[in-house]
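Asker: After the structure tokens below, expect a handful of questions from me.
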Amino acid sequence: MLKLGEFHQAEDIFGTQLNFENEKTWCSQAHLNHQLGYVYSHKGDYTTALSHYQKALEMEQNYVAEDDSSLATTYKNIAGVHHSMGEYSSALSFYRKALHADHPLLDTTYNNLGSVHSSMGDYVAALDFYKTTRAMREKSLPPNHPDFGTIYNTIGTAYSSLGNDPTALSDYQKTLKIQGKILPSTHVDLAISYGNIGIIHSSMGNHLKGLAFHEKSFRIREISLPPNHPDIAINYNNIGSVHNTMGNYTTALSFFQKSLDIRTKSLSKNKAFDIRQHSLGENHPEMANSYDNLGTIHSSIGDKSKAHVCYEKALEIQQKSLSNNHPDLVNTYNKIALNLRLKSRSEDHLSLAITYNNLGLIHNLMKDYSTVLSFYEKALDIQQHSKSTREQSLTTTYSNMELTYY
């Protein structure tokens with residue numbers, strides 16, 4: 001049932017079995033807690049998932065050696081939940097513990113370390129971990145093994161983040177091809193692949209094609225997951241982003257608001273297992289993304305005050321959850337600066353040109369080239385129509401645009 005994504009039935013069965021196992025062996029109890037942790041994690045109830053995984057860990061630590069592979073599996077599961085909650089330091093810590101004990105699934109641990117580094121904005125390090133994983137699997141698995149679907153997906157994500165969309169699309173399509181042969185048509189992993197392909201098509205300018213893939217992803221999750229699951233919020237966010245790019249601001253705002261509503265309800269319930277951790281609801285990076293998207297829409301429709309409130313909320317979360325040099329944090333600082341200048345000055349003021357240039361530079365570092373040019377063009381338009389523009393400023397903007405093309 002777990003492999004088929006039928007989490008509700010699995011929860012009932014494993015919960016019933018656990019009630020009857022209270023007087024039996026620790027091994028049976030640990031196994032059932034593992035299964036329930038997996039179920040709750042995939043349902044988005046991370047607090048309950050951590051509770052079950054921790055119970056399994058406590059039993060295993062009393063009965064097995066520190067380098068036992070079962071202990072490594074538990075470390076990985078706990079790390080995975082921390083990753084989902086945006087607690088990247090805790091996730092890295094548990095994955096590193098798994099490296100010391102892990103033998104049969106060492107490749108999976110390297111892959112997971114790559115995923116955490118990707119979430120932290122270190123895409124080069126992430127790609128290195130992913131390639132290590134692929135090399136290990138190429139030595140031991142046939143080319144069409146399901147595990148290659150996972151690694152193609154993660155490598156595709158890294159290339160996408162680094163701006164290499166054609167290579168990313170190729171890897172995502174390899175993943176989808178493998179999944180299509182082994183999974184039912186409503187499996188949640190297919191939803192992930194459809195969503196990834198949709199993002200790439202939109203990034204390459206094929207917005208309608210991207211929207212179609214996002215809608216495929218949403219239809220699967222709508223059937224397979226509870227209505228307030230965080231992954232459905234991802235679908236709403238992705239669909240909203242496409243509509244925003246196409247200029248459908250009212251529609252985009254509606255989808256972004258749906259995404260934020262789900263994340264507020266679901267993530268605010270989840271806390272770290274350790275009582276010293278902060279509440280997830282206030283500090284999860286995905287919440288910052290939702291506020292950032294809402295700010296962008298409010299700015300686009302001229303409501304600068306609401307945009308500023310959203311950007312400030314995004315910034316507050318990012319300052320707590322991201323490193324100081326994370327590209328998302330730098331991008332938010334520039335958006336706040338731009339929004340303040342738009343509120344206090346005319347649309348053609350030269351200070352806006354500076355901010356547009358800065359935003360262009362940030363998106364260039366993030367390899368988001370289609371967005372880069374739009375900011376440089378706005379800067380250039382202001383400079384060309386201002387009598388006080390210096391030739392050096394125009395030269396800088398032209399130079400920035402030229403670097404983008406090459």
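Asker: Cβ contacts < 9 Å: first residue under 17 Å from V64 (Cβ atoms) and at pLDDT 80 or above, restricted to the range 22-38; second residue among the β-branched types (V, I, T) and buried (at least 18 other Cβ atoms within 10 Å of the Cβ), any location; separation 6+ or different chain. Result?
Answerer: Cβ pairs passing all conditions: A30/T74; H34/T73; H34/T74.
Asker: Let me ask another. Within the range 51-63, identify whether any single residue is at pLDDT below 90 and under 30 Å from K139 (Cα atoms), and answer yes or no.
Answerer: no
Asker: Follow-up. Could you say whether any residue in the range 147-157 is of a type outside the set (D, E, K, R), assigned to a loop (DSSP other than H, G, I, E, B) and touching a Phe, Trp or Tyr at 6+ places or on another chain (Cβ under 8 Å)? I'd like the intermediate steps shown before the answer.
Answerer: So in the range 147-157, the residues of a type outside the set (D, E, K, R) come out as 148-157.
Keeping just the survivors that are assigned to a loop (DSSP other than H, G, I, E, B) gives none.
Within the range 147-157 (the criterion being of a type outside the set (D, E, K, R), assigned to a loop (DSSP other than H, G, I, E, B) and touching a Phe, Trp or Tyr at 6+ places or on another chain (Cβ under 8 Å)), the answer is no, since none of the residues qualifies.
Asker: Also, quick follow-up: Of all residues in the range 184-221, how many are modelled with pLDDT under 95, assigned to a helix (DSSP H, G or I) and farther than 21 Å from Y159 by Cα?
Answerer: Total satisfying the criteria: 1.
Asker: Name the residues in the range 39-69 that are part of a loop (DSSP other than H, G, I, E, B) and in contact (Cβ under 8 Å) with a residue 12 or more places away in the chain, would you? Reasoning before the result, please.
Answerer: Of all residues in the range 39-69, those part of a loop (DSSP other than H, G, I, E, B) come to 43-45, 64-68.
If the condition is that a residue be part of a loop (DSSP other than H, G, I, E, B) and in contact (Cβ under 8 Å) with a residue 12 or more places away in the chain, then K43, G44, D45, E66, D67, D68 are the ones that fit.
Matching residues to (1) out of contact with any His (no Cβ under 6 Å at 6 or more places or on another chain); (2) among the polar types (S, T, N, Q); (3) crowded, with 22+ Cβ neighbours inside 10 Å:
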position	(1), (2), (3)
L99	yes, no, no
P104	yes, no, no
L127	yes, no, no
Y130	yes, no, yes
T133	yes, yes, yes
R137	yes, no, no
P142	yes, no, no
I151	yes, no, yes
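Asker: Just to be sure before I move on: is S170 crowded, with 21+ Cβ neighbours inside 10 Å and hydroxyl-bearing (S, T, Y) in the structure I sent?
Answerer: Details: crowded, with 21+ Cβ neighbours inside 10 Å: no; hydroxyl-bearing (S, T, Y): yes.
Considered against the rule, which asks whether it is crowded, with 21+ Cβ neighbours inside 10 Å and hydroxyl-bearing (S, T, Y), S170 comes out as no.
Asker: Among what's in the range 258-304 and is surrounded by fewer than 16 Cβ atoms within 10 Å (Cβ to Cβ) and in a helix (DSSP H, G or I), pick the residue that is modelled with the highest pLDDT.
Answerer: D261
Asker: Still on this structure: Here are the criteria: (1) buried (at least 21 other Cβ atoms within 10 Å of the Cβ); (2) touching a residue at least 60 places away in the same chain (Cβ under 8 Å); (3) part of a helix (DSSP H, G or I). Tell me which single one S90 does not satisfy.
Answerer: Answer for S90: the failing condition is (1).
Asker: Further, regarding this structure: Could you count how many residues in the range 124-160 are acidic (D, E) and within 29 Å of S202 (Cα to Cα)?
Answerer: 2
Asker: Within the range 174-188, can you find the residues that are in contact with a helix residue (DSSP H, G or I) (Cβ under 7 Å, 6 or more places away or on another chain) and without any contact (Cβ under 8 Å) to a residue 40 or more places away in the chain?
Answerer: K174, T175, L176, I178, Q179, I182, L183
Asker: Here is a check on your reading of the model: is K378 charged (D, E, K, R), modelled with pLDDT of 70 or more and over 25 Å from the mean Cα position of the chain (by Cα)? Even if it seems obvious, please write down each step before you answer.
Answerer: Numbers: charged (D, E, K, R): yes; modelled with pLDDT of 70 or more: yes; over 25 Å from the mean Cα position of the chain (by Cα): yes.
So K378 fits the description; yes.
Asker: Kindly indicate whether P166 is in a loop (DSSP other than H, G, I, E, B) and over 18 Å from the mean Cα position of the chain (by Cα).
Answerer: no
The values are calculated or read from the model by the stated rules, or taken from the named source; none is laboratory data. Keep in mind that this is a model prediction, so the values were computed, not measured. When we count neighbours, we look across all protein chains shown, and the Cβ atoms used for this are built from the backbone with ideal geometry, even at glycine.
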